[in-house]
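Below is one structure, written out as structure tokens, with a few remarks after it.
The values are calculated or read from the model by the stated rules, or taken from the named source; none is laboratory data. Nothing here was measured: the structure is a model prediction, and the numbers come from that model. Neighbour counts run over all protein chains shown; Cβ positions are idealised from the backbone, glycine included. Just the protein is used for accessible areas: all its heavy atoms, side chains included, with ligands, DNA and RNA removed. Shrake-Rupley method; radii C 1.70, N 1.55, O 1.52, S 1.80 Å.
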Amino acid sequence: MPRAATLLRLAALALLLAFLLWPQSFAPLFTPLTQYGAPPIYDQGNLLSLALAQLGTVCLAAAASTVVAVGLGILVTRPSGAQFLPLSRTLVNVGQTFPPVAVLAVAVPLVGFGEKPTLIALFAYGLLPIFENTLVGLKTCPPAVLEAASGMGMSARQRLLSVELPLAMPLILEGVRLSLVINVGTATIGSTVAAKGLGEVIIAGLLSSNTAFILQGGLVTGLMAILLYDGMAALERRLLRQVALD
Amino acid sequence: MIRVEKLSKRYADTTVVDEVSFAVERGSIAVIVGTSGSGKSTLLRMINRLVEPSAGRVLIDGHDTRSEPAHLLRRRIGYVIQGNGLFPHRTVAENIATVPRLLGWDARRTAARVAELLTLFGLDPGTYANALPQQLSGGQQQRVGVARALAAEPLVLLMDEPFGALDPIIRAKAQEDLLAIQRRFGMTVLLVTHDMDEAFRLGSRVAVMSGGKLLQYDRPAALLTHPADGFVARMTGLAERALRLLSLITAGEAAAPGVSDGPAVAATATLREVLSELVWSGADSARVVGADGTPRGRLTLAAILARGTP
Ligand SMILES: Nc1ncnc2c1ncn2[C@@H]1O[C@H](COP(=O)(O)OP(=O)(O)OP(=O)(O)O)[C@@H](O)[C@H]1O
Ligand SMILES: [Mg+2]
């Protein structure tokens, strides 16, 4: 990674942390965006805990999406599960095309307000990239390599665990990363159903016409998404080198 | 010993292998040749049950291959394919250690075997053990593929166009290596190839296939002198059959007592090579010498020509 890019990322991380830990010290920057002496920094909750809550929801949803999407991807690439491919694709596509807001509307009557409906919406929304990448990763394993694995005497399970999944891992991780990043932003809508998160800050800004609040919610979310994306990418490179050397 | 009995494979309504029977003697090399799509790979893959036969059976050292789970059977049978199929995410040493690990060998025995094989194939363990396959040349990858197949000391080795992707020089070297290793470990080898010269060079018996049927299974010389039908004759090369016949005999075998002032040829050279040498030098006889330079008699042009007819 070029040095300048690393420095930029570290700077972004430092900025984000500084803002979340000591938001009041940034007040002078936001004051010009407020009118009639409104507070320049969000004051109806702790920004750090909102950000962490949102991150937690997103990670939990991504973990669930990963388990289900990778599991489905494995299932439909086995000879016995190939018949489920069209059905799985449809389900996953619906999860992506059904607007998360609509999922919330449907989920609230079933599971109540709070974090649960948000988790469901994010889970459904995050399936597609992981599923499609898992599928491509597993389907593009070189046939000669698979034939060799079986020819050496690996059982179907051994072949999956020690050849197919490691070879598909770069693409699977990329899918997880995409899903995470998309959902960091999407998660803000959870605040409409009383899930803790940065959406609260944006909504408060909209209700009181406070541009500073809107900007704060948006910027923190955006920075989190970018840093998460980069962090995952770095983690992937680490992990893949590990797999290669293992 | 591999015994194949009335082995058939049908897909829907096409028969791709049709009641094939033959036996490969223990410790020998048999080669399968045939046109593309004649069922060679399918036949080979039915032996380690990568393809399940529709009918017939395979016996290895008297045991029906269906008497144990397929993946356990395959651990006892070496398998080499074109393009070698090395695991790209594993080092050379890990690739070679695949079957020993599946068999639960302890780490020391596995490591010793990996080092032995690397050395045997001319790959310095210090340099190559921890390299990834893609860091090796094509010829080196191919050797690692063979080493991996031999790692757990299989008694049977199946090879599907193992040298197909190599250039002629590396290919000749790989063939020599295979012969040397086969002599050393004494495993039974069944090899598929498109290259008739390779078949004649390696096989103590050659099987000719067409349209799923085994047309002839015989010693190389017999395929040339007594082809079962016109297809076998064409397959083994009508235009080259005399030269092919000569390439099956070494100078040492054919030498007659006497002296010659012609060029010196090695006792291990084939008559085809000696003939070429005589044509080139314009001499009408050659002096045959052993590896240590001792005279082993002479070979006249007439004597060579006499060996090129049935
Ligand atoms: N799974 C399968 N389903 C249907 N047909 C198959 C299958 N596998 C092989 N065949 C057919 O069986 C025939 C023999 O195939 P095989 O691979 O054994 O030929 P081959 O002699 O090895 O050819 P090549 O020299 O091109 O490698 C071909 O016509 C092929 O299309
Ligand atoms: Mg083939």
Residue in segment B:16-37 that is charged (D, E, K, R), out of contact with any Cys (no Cβ under 6 Å at 6 or more places or on another chain) and within 14 Å of ligand 2 (Cβ to nearest atom) present: no
Which numbered condition B:A254 misses (of (1) open to solvent by 50 Å² or more (accessible area, probe 1.4 Å); (2) under 21 Å from B:D197 (Cβ atoms)): (1)
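Condition check ((1) within 11 Å of ligand 1 (Cβ to nearest atom); (2) in contact with a Lys or Arg (Cβ under 9 Å, 6 or more places away or on another chain); (3) open to solvent by less than 40 Å² (accessible area, probe 1.4 Å)) across all residues:
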residue	(1), (2), (3)
B:R3	no, yes, no
B:S8	no, no, yes
B:I29	no, yes, yes
B:V33	yes, yes, yes
B:L43	yes, yes, yes
B:G62	no, yes, no
B:T65	no, yes, yes
Selection count where residues are buried (at least 17 other Cβ atoms within 10 Å of the Cβ) and more than 13 Å from ligand 1 (Cβ to nearest atom), scope segment B:10-27: 2
Residue within segment B:73-94 that is acidic (D, E), free of Cβ contacts under 8 Å to residues at least 24 places away in the same chain and either under 16 Å from A:G153 (Cβ atoms) or away from ligand 1 (no atom under 16 Å from the Cβ) (or both) present: yes
Helices (runs of 4 or more DSSP H) fully within segment B:189-303 counting 3 or more residues that are within 16 Å of ligand 1 (Cβ to nearest atom) and assigned by TED's automatic domain parsing to the domain that holds B:Q82: B:196-202, B:230-235
Residues located in segment B:161-177, provided they are within 23 Å of B:E94 (Cβ to Cβ), within 16 Å of ligand 2 (Cβ to nearest atom) and of a type outside the set (A, V, I, L, M): B:P162
Residues of segment B:67-81 that turn out to be closer than 10 Å to A:A148 by Cα and either within 8 Å of chain A (Cβ to nearest Cβ) or open to solvent by 70 Å² or more (accessible area, probe 1.4 Å) (or both), as a count: 2
Qualifying positions in segment A:199-226 - farther than 16 Å from A:L104 by Cα, in a helix (DSSP H, G or I) and open to solvent by less than 20 Å² (accessible area, probe 1.4 Å): A:V201, A:A204, A:G205, A:A212, A:F213, A:Q216, A:G217, A:V220, A:T221, A:M224, A:A225
Total residues in segment B:267-298, condition touching a residue at least 12 places away in the same chain (Cβ under 8 Å) and over 21 Å from B:P220 (Cβ atoms): 16
Residues satisfying the stated conditions in segment B:152-183, i.e. small (G, A, S), open to solvent by less than 40 Å² (accessible area, probe 1.4 Å) and in contact (Cβ under 8 Å) with a residue 60 or more places away in the chain: B:A152, B:G164
